[in-house]
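> My structure is below; once you've seen it, I'll send some questions.
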Amino acid sequence: MSDPLLLAQDLSVSFGGLHAVSNLNLEVEMGEVHAIIGPNGAGKTSLINLFSGDIEPTRGRVYHRGEDITGLPPYQVVARGIGRSYQITNIFLEFTCSQNCWLAARARLGSAMRFFVPSGRDIHTAKRVSEALSLAGLEAKANNVAKELSYGEQRQLEIAMLMALEPEILLLDEPLAGLGVDESQGVLDLVRRLAPEHGIVLIEHDMDAVFAIADKLTVMVDGRVLESGTPEIIKVSEKVRKAYLGDD
């Protein structure tokens, strides 16, 4: 039996007396959208930060394809094919879409400050940038400055920047935050296109979107896993209903 794409074992992190994540176990497989849901303060973003190397666990281990990556700095996590987005867009507004993706692609190679090198001198990077923008539906806006994009398009650009890193795991922290219905649908469609060839960890508060796209859900409350399973299991879970979804 092969190792999971991403595995958390007995993962915990504390900040002073606050237990942000406690004894968490979780697996993510290739081709799976695994949504992490729960009320504010449940520990969802802290979990993503543990996976991305932005914080180190107090206890427990993180494995990527069976390899222990616990405590590695973010740049080494990225180099292993794990990319993340943030709750707030993390793009360079004065740069074009292509330049943003080029910077991301070069960052993985440790040469981010050389991202204005002509494409002919780095054919592979140029191809990655073009493919990333195409996947995100932004190929027609490759030369548009990012500040000219709608907010929804900026979220799509952020995912395109992740794709320029050539990740196999995507950690998406509230990619629909602040989006209207049409813009949300555009981002959801993008996630669907990416899902078959990636493992995706998704934090999202839009429950309709979560249940429409997730293959598996983990419900967190107070840093702990309350329930984990398919959308069908979570929908009928009495303890999830009481703790998070409400009794309606």
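> Under the rule a/c < 1.5 gives rounded, and otherwise a/b versus b/c splits prolate from oblate, where does the stretch 136-230 land using the Cα gyration tensor?
Because a/c hits 1.5 or more and a/b exceeds b/c, the stretch 136-230 counts as prolate.
> Please give every one of the lysines within straight-line cross-link reach of K141, meaning a C-alpha to C-alpha distance under 24 Å, and leave out same-chain neighbours fewer than 8 residues apart.
Straight-distance partners of K141: K127.
The numbers here are math on the coordinates, done by the rules we state, and not lab data. Everything numeric here is computed off the predicted structure, so don't read it as measured data.
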